[in-house]
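Note sheet for the following structure.
The values are calculated or read from the model by the stated rules, or taken from the named source; none is laboratory data. This structure is a prediction, so every number in the text was calculated from the model and none was measured. Cβ atoms come from the backbone with ideal geometry, glycine included; neighbour counts cover every protein chain shown. All accessible areas refer to the heavy atoms of the entire protein, side chains included, with ligands and DNA or RNA removed. Shrake-Rupley method; radii C 1.70, N 1.55, O 1.52, S 1.80 Å.
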Amino acid sequence: MSRKQKRLAIIGGGVGFLLAAVLLVMFAFSQAVAYFYMPADLQKTQIPPETRIRLGGLVAEGSVKRGQGSTVNFAVTDSIGTVKVTYTGILPDLFREGQGVVTEGKFVSGNPDFVADTVLAKHDENYMPKDVADRLKEQGVWKGEEAAK
Amino acid sequence: MIIELGHYALVLALATSILQSLLPIFGALRGDRSLMQVGTTAALATFGLVAVSFAVLTYAHVTSDFSVQNVWENSHSLIPLIYKYSGVWGNHEGSMLLWMLILTFFSALVATFGRNLPETLKANVLSVQAWIATAFCLFILLTSNPFARLLPAPGDGKDLNPVLQDIGLAIHPPLLYLGYVGFSVCFSFAVAALIEGRIDAAWARWVRPWALAAWTCLTAGISMGSYWAYYELGWGGWWFWDPVENASFMPWLAGTALLHSALVMEKREALKIWTVLLAIMTFSMSLLGTFLVRSGVLTSVHAFATDPTRGVFILAILVFFIGGALSLFAFRATHLKAGGLFAPISREGALVFNNLILTTAAATVLTGTLYPLVLEALTGSKISVGPPFFNMTFGLLMLPLLLAVPFGPLLAWKRGDLFGAGQRLFAAVGIGLLIGGIVYYVEHGGPIMALFGIALGVYLIAGSLTDLALRAGLGKVSGSVAFRRLKGLPRSAFGTSLAHMGLGVTLIGIVAVTAFETEHVVEMKPGMTTEAGGYTLRFDGMRQSNGPNYTEDSGHFTVSIGGVNVTEMWSSKRLYTARRMPTTEAGIRSFGASQLYVSLGDAMADGGVVVRIWWKPFILCIWGGTLFMIAGGVVSLSDRRLRVGAPSRAKKPKKLVLEPAE
């Protein structure tokens, strides 16, 4: 191969690979990301069943009920809307009523509850998930650091 | 008084590093030797001053001096001594001081061991190091002073964050920072070379040991962090694609690419411009990582505190260094002469392939990490990019690389024989498929991708050994000759082999645990049993106890197999009294490379407790593989040819001049 051909082969291969990678990333973005919603958003928009989303807010006071085995029911609220959540598994250490929470999961058809498979735990007793804090501030529900305790 | 001394030492360090950032580079510009030599003295002085400052902060933590705000916020009189030490860097201010300490430590190393470097290059490198040091010193003094006092001094501290009270987290940050910051030396060398407008194979020879040392530490740091997350968080996961994990993973990917491209440059004088760019990018990734972690722009399990002024300050540092270095690169890169030619199928070609994939993978991780930020800034909608995204993109990208790894060392420089290399790897492929088949038989099937993954891992291990065996001439010459030849191989050949083998071991661990782990969430009452991984666990009951600064509820389990008791396990929940913060201390038992992992949930009203039990087959391989990689790095570093200025042995035949570890 001549110098030019060699260079062309290497550059061509590289560009082709990069192009494939870009397509792959774009495909993954369309498939594998979860949008973040608050209960208030869900009053306005309908989420199709089986779509993975994140749902965040405060755990409503008095809403936590233990079901059979490790199934837990609780409600996530932002004082405008409230969504009931079903979760099977072990709740994070810092899960408490009145605390901020982010859950990930989906709605299934024929069931009004949000079925979560992940409930996020954070490393601080005052922790308020950033997404939730931002939105609560916007809606005027946020009462500063004290409210989160 | 001592506290103020520490603060003062840090201010002095700022002064000396400003001197170091200006004088040597002026000296290099004007050919003034005495000015250039200021760099060495200043680098040592700066390191000494920062060390004093760090020692003072450590003293404050160890003596529990709660008049220092940093100590009050992150320590407690009752915590064990080791966590008083690790509490020094278990917080924002202290960890930035540690960053600074390690940065100046590396400058001091360059100053001490860089005697064989050309004078101007050394002066320029030290100046560039000092620019970084100055920026971070200013950052600490202006936004994150660890020596701020409290008046009157509180009676007791607020305690170190309980999840940080762990031996793993005591060692993880220093190792990680040694890696992060170690790449600053490569960065400084790259910028210095661009300033001088001259670069050759010798440059790569000087840079490679630094890159290798930094890479080894970073590997150890990431691995340690992953194991910590695994046993301390109690979620049973070992990698979450969390932004902060990504922040350390991106420099690792770029640094791995840098190691391989510097190899090409050292041996063949090719890929010069690319290597310089990669050196800049690697440290940029480290800076970006620091920014992501320290500014708290991303929602993350690691974000200690969020303070907008800090974020803006680090962002400014980031823009200045990355932007500055890239502009310099744009102006100067054309002056650098491109070197050696090679065919697409050759050792160089294989290493370019490696670089292409690793940098693309790093870019993908970067995109996934930053995309939520960008999208939120542009459209206001919030998304989470989690494991599904990264597994899909990163996993697929790695596949061709893993297949190609054993080929690299078997191809000749300049023009290689792909078919020949393939023939020599027949045995490795065969062993891989055989083990895959055995797993299929033992597991009665199993997902085809998992079988393929395990076969791939075995192929990687066998392929690395093939390389060593071929070099020793095993099978062609008598055993004793082969053994002598093996002993005579340069250490770097073993380094390469170990690191590549480690990749295979880690892959096997990842695949095995992903495909074959079992998880049960059950409510257990005392006396009840449950099965996991062939073992029977009996829950015996709960017990309360008190630690130095926590209370603990522990569940006791007896593990048996076929009716015979094998071992017992404790799994607990702790409540740290100072912060009223609960944590989970999972119960973990190893059986070979596999583990039983028991995590406690909430107690039920009827005396039962929710328990989560995992069987994690071959999970220890994940971290075991990184030990191989670290060993590979250390062995390669000990290769005499990598030592700066070491005379090269001429008696080695050309065939045996191998590449040091990647």
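The figures follow:
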{"read-out": "Estimated dipole of region B:496-572 in Debye, rounded to 20 [Cβ of Lys and Arg +1, of Asp and Glu -1, Cα centre]", "value": "120 debye"}
{"read-out": "Solvent exposure, largest accessible area first (probe 1.4 Å, DNA, RNA and ligands not counted), of A:Leu55, B:Leu627", "value": "B:Leu627, A:Leu55"}
{"read-out": "Largest-first principal axis extents, alpha carbons of region B:73-166, Å", "value": "55, 28, 19"}
{"read-out": "Exposure of B:Lys573 as accessible area (Å², to 10), given a probe of 1.4 Å and all protein chains", "value": "50 Å²"}
{"read-out": "Shielding score for A:91-99, defined as the mean number of other chain Cβ atoms within 10 Å", "value": "3"}
{"read-out": "Accessible area per residue, Å², chain B with all protein chains present, probe 1.4 Å", "value": "39 Å²"}
{"read-out": "Mean-position separation - Cα centroids, region B:8-52 and region B:345-423, in angstrom", "value": "40 Å"}
{"read-out": "Calculated FRET efficiency for the pair B:Tyr371/A:Val64, C-beta based, R₀ 60 Å, to 0.05", "value": "0.95"}
{"read-out": "Vicinal HN-Hα couplings computed from phi for region B:177-186 (Karplus, 6.51 cos²θ - 1.76 cosθ + 1.60; Hz; Gly/Pro x)", "value": "5, 4, x, 3, 7, x, 5, 4, 5, 4"}
{"read-out": "Solvent accessible area, Å² - A:Ser79, 1.4 Å probe, full protein context", "value": "80 Å²"}
{"read-out": "Contour minus Cα-Cα distance for A:Asn111 and A:Thr45 (0.36 nm per residue)", "value": "22.1 nm"}
{"read-out": "Percent carbon-and-sulfur accessible area, region B:326-436, ignoring ligands, DNA and RNA, probe 1.4 Å", "value": "72 percent"}
{"read-out": "B:Arg332 - accessible surface, heavy atoms, 1.4 Å probe, Å² rounded to 10", "value": "80 Å²"}
{"read-out": "For region B:122-138, 3J(HN,Hα) per residue [Karplus equation, 6.51 cos²θ - 1.76 cosθ + 1.60, θ = phi - 60°, Hz, x = Gly/Pro]", "value": "4, 4, 5, 4, 5, 5, 4, 4, 5, 4, 4, 4, 4, 4, 6, 5, 4"}
{"read-out": "Label-to-label distance, nm, for residues given as B:Thr379 and B:Ser478 (7 Å Cα→Cβ offset)", "value": "7.4 nm"}
{"read-out": "Cβ-Cβ FRET estimate between B:Ala55 and B:Arg198, R0 fixed at 41 Å, reported to 0.05", "value": "0.55"}
{"read-out": "Label point distance in nm, B:Thr514-B:Leu315, each placed 7 Å from Cα along Cα→Cβ", "value": "3.5 nm"}
{"read-out": "Buried accessible area, chains A and B (both chains, 1.4 Å probe, Å² to nearest 100)", "value": "4000 Å²"}
{"read-out": "Evaluated at q = 0.13, 0.19, 0.24, 0.25 Å⁻¹: base-10 log I(q)/I(0), Debye formula over Cα of region B:533-626", "value": "-0.51, -0.94, -1.19, -1.24"}
{"read-out": "Average other protein chain Cβ within 10 Å of Cβ, residues B:391-397", "value": "4"}
{"read-out": "³J(HN,Hα), Karplus 6.51/-1.76/1.60, whole Hz, each residue of region B:435-451, x for Gly, Pro", "value": "5, x, x, 5, 4, 4, 5, 5, 8, 6, x, x, x, 5, 5, 5, 4"}
{"read-out": "For chain B, radius of gyration divided by Kirkwood radius, i.e. Rg to Rh on alpha-carbons", "value": "0.99"}
{"read-out": "Rg/Rh for the protein assembly as shown, where both radii come from Cα atoms and Rh is the Kirkwood radius", "value": "0.97"}
{"read-out": "Too-long pairs where the Cα-Cα distance tops 21 Å, listed order kept, from A:Lys6/B:Lys414; A:Lys6/B:Lys267; A:Lys84/B:Lys525; A:Lys106/B:Lys616", "value": "A:Lys84/B:Lys525; A:Lys106/B:Lys616"}
{"read-out": "Theoretical gain in end-to-end length, B:Asp156 to B:Ser34 [0.36 nm per residue, Cα-Cα removed]", "value": "38.7 nm"}
{"read-out": "Average beta-carbon neighbours from other chains, 10 Å sphere, peptide A:17-28", "value": "5"}
{"read-out": "B:Ala427-B:Met398 FRET efficiency (beta carbon distance; Förster radius 25 Å; 0.05 resolution)", "value": "0.60"}
